[in-house]
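First up is the structure itself, then whatever we jot down about it.
Since every read-out is calculated from the coordinates, none of them should be taken as a lab result. Values in this document were obtained by computation on a predicted structure and should not be read as measured data. Here the Cβ positions follow ideal geometry from the backbone for every residue, glycine too, while neighbour counts run over all protein chains shown.
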Amino acid sequence: MEQEDRLLCKRIGVSGAGLLNDGDTVLTHCNAGGCATAGYGTALGVIRAAFDRGKKISVVSDETRPLNQGARITAWELMKLGIPVTLIPDNTAGALMQRGEIHKVVVGADRIAANGDAANKIGTYSVAVLARYHEVPFYVAAPLSTVDMSIPAGTGIPIEERDPTEVTHIGGVRIAPEGVRVRNIAFDVTPHQLIAGIITEHGIAREPYEEAFKAFFMEKRKETET
């Protein structure tokens, strides 16, 4: 399974590497790298593949509150790989886009509906809206196994709400008043209309996503049979 996952993620990287140009600064949200997979990554796999081809890619990793996966994991992974990375607070992404300092966005996904709506860590939808306003291409990178064809649209994806202490505390230290009400929605859904392409191990799916996914699943079936 580990070997299969590494190969699959590398194929995702190859599929998406051409989307990133020499000199691009790429924003990513949460963690979709080696620690989230068997060692290569999906969204970070795309960035790694472009970097390994000699493209001068730099990355902006937002902190990804409330659990700070971008700060704790993504930034660390990129530094270990030697890929230039800058860490920002979540609410800085719009300002950097406004200044023209972000050229692409690449994120992962936890589940994708048949129409291309993609569920990912909370805050992804906000980044996608900012990207659309500033005309920054927004891509999702995920294996085909993430696509659930039984769910027609993102409204059918169940969304988890987590322990309020994830918001009221950081590292065990309380940062909010006792008794304050909290909403800790763990994921959000980015509508397919905001997504420029979904990068899979079988290629890049584009609108209409359902038809592209069907073709990819057909390819996957043929691969399995051979």
**Message:** With θ taken as phi - 60° and the coefficients 6.51, -1.76 and 1.60, list the Karplus ³J(HN,Hα) couplings across segment 6-12 in order, rounded to whole Hz; mark glycine and proline as x.
**Reply:** 4, 4, 4, 5, 5, 5, 4
**Message:** For segment 147-222, which trypsin sites (Lys or Arg not before Pro) pass both filters: DSSP loop (anything but H, G, I, E, B) and at most 11 other C-beta atoms within 10 Å?
**Reply:** ARG181, ARG183
**Prompt:** Roughly what would the spin-label model give for LYS56 and ASP148, points 7 Å off Cα along C-beta, in nm?
**Reply:** 4.4 nm
**Fill in**
For segment 14-73, the convex hull over Cα atoms projects on average to an area in nm² of 3.8 nm²
**Request:** May I ask for the distance between the Cα centers of segment 137-189 and segment 99-113, given as a whole number of Å?
**Result:** 16 Å
**Prompt:** At THR155 and TYR133, where each label point lies 7 Å from the Cα along Cα→Cβ, what is the point-to-point distance in nanometres?
**Reply:** 2.5 nm
**Request:** Could you pull out the trypsin sites (Lys or Arg not before Pro) across segment 1-95 that fall in loop regions by DSSP (anything but H, G, I, E, B) with no more than 13 other Cβ atoms inside 10 Å?
**Result:** LYS56
**Asked** If you stretched the chain out fully between ASN184 and ASN21, how much longer would it get, using 0.36 nm times the residue separation minus the C-alpha to C-alpha distance?
**Response** 55.1 nm
**Fill in**
Applied in sequence order to segment 54-71, the curve 6.51 cos²θ - 1.76 cosθ + 1.60 (Karplus, θ = phi - 60°) yields integer Hz couplings, x standing for Gly and Pro, of x, 6, 7, 9, 10, 10, 10, 10, 7, 5, 6, 5, x, 9, 6, 4, x, 6
**Prompt:** For the pair ARG174 and GLU4, what calculated FRET efficiency results from E = 1/(1 + (r/R0)^6), where r is the Cβ-Cβ distance and R0 = 41 Å, to the nearest 0.05?
**Reply:** 0.40
**Message:** Give me the extension gain from THR224 to SER126: residue separation times 0.36 nm, minus the current Cα-Cα distance, reported in nm with one decimal.
**Reply:** 31.5 nm
**Prompt:** For segment 44-49, what does the Karplus curve 6.51 cos²θ - 1.76 cosθ + 1.60, with θ = phi - 60°, yield as ³J(HN,Hα) per residue in whole Hz, taken in order and with x for Gly and Pro?
**Reply:** 6, x, 5, 5, 4, 4
**Complete:** Ignoring GluC sites (Glu not before Pro) buried by more than 11 other Cβ within 10 Å or outside DSSP loops, the longest site-free run in the chain is 1-134
**Message:** Let's see if you can work this out: charge +1 on each Lys and Arg Cβ, -1 on each Asp and Glu Cβ, no other charges. What is the dipole magnitude of the chain about its Cα centre, in debye to the nearest 20?
**Reply:** 420 debye
**Asked** Over the alpha carbons of segment 139-226, what is the largest minus smallest coordinate on each principal axis, giving the biggest first in Å?
**Response** 59, 27, 22
**Prompt:** Taking LYS80 as the anchor, which lysines have their alpha carbon closer than 21 Å to its alpha carbon, excluding any fewer than eight residues away along the same chain?
**Reply:** LYS10, LYS55, LYS56
